[in-house]
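The values are calculated or read from the model by the stated rules, or taken from the named source; none is laboratory data. These numbers were taken from a predicted model, which means no experiment stands behind them. Note that we place each Cβ from the backbone using ideal geometry, even for glycine, and neighbour counts take in every protein chain shown. Accessible surface areas use protein heavy atoms only, side chains included; no ligands, DNA or RNA. Shrake-Rupley method; radii C 1.70, N 1.55, O 1.52, S 1.80 Å.
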Amino acid sequence: MFSVLIEGFGIVFQPETFILIFFGTVIGVIFGSMPGVSASMAVALALPFVYPLDGVVAIAFLVSVYCASITGGGVTAILFKIPGTPSNATTTFDGYPMAQRGEAGKALGVSLICSAIGGIIAAFMMALFSPALSAAALKFGPGELFAVSLLGLSVLSCLSSGSITKTLISGLIGLFIATIGFDSTSGILRFTFGTTSLQSGLPMIPVMIGLFAITEVLKNTAKPKKIDDAQDSNAKTTFPSWAEWFRIKWIILRSSVIGTFVGILPGAGATIASFLCYTTETKLSKHPEKFGTGIIDGIAASESANNGATGGSMVPLLSLGIPGGNAAAIMMSALVMKGVQVGPLLLKTQPEYLSSVFGSMMLTNILMVIIAMGIAKVFSKILGVPYSILGPIIIVLSIVGAYALNNSTGDVLLMVFAGLIGYVFSYIGYSSAALILGLVLGELCETNLRRAMSLSDGDFVGAMTSPITIVLLIVSALLIFTPIISNLIKTRKDVANT
Amino acid sequence: MTLEILINMILTVFFSICLYLSTLLEDPGLDPLGAKKWPQVILVLLIALLISNIVQLYKKQKKDGESHSLKSVDFKGFFKSKLLIGMVMLVPIPFMLDFIGFIPTILMFLAGYMVLLGERKPVKIAIVSLVTTFVIFFIFSSGLSIMLPRGTGVFREFHMFLENIKILSNMKGVLSICFQF
């Protein structure tokens, strides 16, 4: 462990590498805060810079871009309700209400510090347990992954802002939308209504931008509300008191650890990690009703988890040669391009790669706080701008964000419709967040259920017999049904009293 | 609440059609669950919950003594609202992007939406529209090499002329060379 630490710092504190990591952190935060530029896209955009670099330095640079972009995405999620990357969607739930109350600076402070802590914990876990964690993750077959996604879906029962029925409907609509397009197992088309544009399914980013950003601007168009200008035009990044940090210490730790582990799982990643941790913290909280109203607990869970997942996704890449997510796949291609033989022997033959990634993650997560504070300061100045200017700019950023995904105006159209539907949804009390959760987890849930059923020759019970799956399913069932049953009991008591 | 019930009814009908369509899907039988079952389970649950929601809303409306008539819905107010204008302004954007390209579309949209949200100073509107459009254009088009919609004809030529002013990508090239040393 200490040798990894010393070697890692030895690599990243060489002047050339340090400057590169600093530069990587700056562009990572900037790319991450741009809607439509996902973390994997940020890493891809940084690829041309690594052509002349040595493999060890190249991976350190790309890791810095990756970690910083996840953090940068939290800035616009808090200030404008536009998640910079999909994994920042849960940051909007509490970050944006805080910004509206004039507490943008505090929300940003929590987001940055929790991101850094999450990233650093993930880096330590990666350096300490890389081979062991990979071995544990390999035990997760389709049945276990189905149970994990079901656990993520259990958040539906507590995302409700009034009616559980409405929240469940929203989540189910999200799950249904995830089935649109080519079925990945059989290759047949589902619910495309004869249009070619729906064949590859509904992309998540335009839907997410539409539901969050466009809906919000439409709400403000219908009923303009004032943001506390006096505080926000001055919105310096401020940090919560020690008492508040002390209160959320377990949230940060739990979310970082869960986030790291989810990051290791193939097909999961930062987005699922943030939703899962947000769920967990809502369930464990003494005041679950406060989640979504603008509390630092929600931001801490979301940002610690998605940064934890960045470290997690590097574990299978370094110890097994399997990329844990899209960004890791791009980094792997960069290593292959450099002639590095990625695979189980990498850590034994070239341990400097683990040291380099570890050192870069440590340094980036520290640098990132300072850099993101500066960038957030510039962004938060924008909050002082009147909404008659800010609203249209948010829409334009959303348009570019949706378009940049596939260079397609079809995605812009989808985003616009998602925004309009999001407005109707909010008008009738449905939950956009629940819909997004269904959309994010839908494919993972279905694909793994079908794989598990195939492996057990169609026997559902047989597919769910592993101890990990049973435990996860029991926890999911408890999380889903406890609030519903307690709600029913409460309603009956109220009826009896009246 | 009548409008809410109506929207729930529309959703119920739509998802019922989807459920019917799911029965028509051809399943090659590659896996035990097939392509139909998962969406069918979702749709059945969805329709059941939508019906339950409609019943709940209807009961609540009756209890509150509200009218079930569609006349109780303020359609007139909606048709005169800024919200409808905002929605109408959004829908043509994707088509305009294809036809006249990024710069004219965004310039017009920004100016129009600012007026809609109550901005009345023409100089301010012009400056904000121009600066925002060109800053975003140069960041994404030149800096990140993301080709924004060019439009057709003269709009396309104008767009391509601006794309050739590669301020940020030249900077990126300089930085890349610096790192080689």
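Results, tabulated for the structure shown:
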{"quantity": "Filtered residues of the stretch B:18-43 (kept if open to solvent by 80 Å² or more (accessible area, probe 1.4 Å), within 10 Å of another protein chain (Cβ to nearest Cβ) and in a helix (DSSP H, G or I))", "calculated": "B:K37, B:V41"}
{"quantity": "Residue match in the stretch A:32-40 (condition: open to solvent by 10 Å² or more (accessible area, probe 1.4 Å), farther than 18 Å from A:L318 by Cβ and within 13 Å of chain B (Cβ to nearest Cβ))", "calculated": "yes"}
{"quantity": "Matching residues in the stretch A:187-212 - criterion: being of a type outside the set (K, R) and open to solvent by less than 20 Å² (accessible area, probe 1.4 Å)", "calculated": "A:F191, A:T192, A:G201, A:P206, A:V207, A:M208, A:I209, A:G210, A:L211, A:F212"}
{"quantity": "Test: B:I5 is of a type in the set (V, I, T), open to solvent by less than 30 Å² (accessible area, probe 1.4 Å) and part of a helix (DSSP H, G or I)", "calculated": "yes"}
{"quantity": "Among the candidates B:L83, B:L110, residue that is free of Cβ contacts under 8 Å to residues at least 40 places away in the same chain, in a helix (DSSP H, G or I), within 14 Å of A:L420 (Cβ to Cβ) and at the interface with chain A (Cβ under 7 Å from one of its Cβ atoms)", "calculated": "B:L83"}
{"quantity": "Selection within the stretch B:113-140 - open to solvent by 30 Å² or more (accessible area, probe 1.4 Å), at the interface with chain A (Cβ under 9 Å from one of its Cβ atoms) and either in contact (Cβ under 8 Å) with a residue 60 or more places away in the chain or not in a loop (DSSP other than H, G, I, E, B) (or both)", "calculated": "B:V115, B:K124, B:I139"}
{"quantity": "Flag if B:I54 is closer than 19 Å to B:V13 by Cα and touching a residue at least 12 places away in the same chain (Cβ under 8 Å)", "calculated": "yes"}
{"quantity": "Helices (runs of 4 or more DSSP H) contained entirely in the stretch A:237-318, each with at least 3 residues that are in contact (Cβ under 8 Å) with a residue 24 or more places away in the chain, crowded, with 18+ Cβ neighbours inside 10 Å and at negative phi", "calculated": "A:249-264, A:270-284"}
{"quantity": "The stretch A:363-420, residues that are small (G, A, S), under 20 Å from A:K219 (Cα atoms) and free of Cβ contacts under 8 Å to residues at least 60 places away in the same chain", "calculated": "A:S388"}
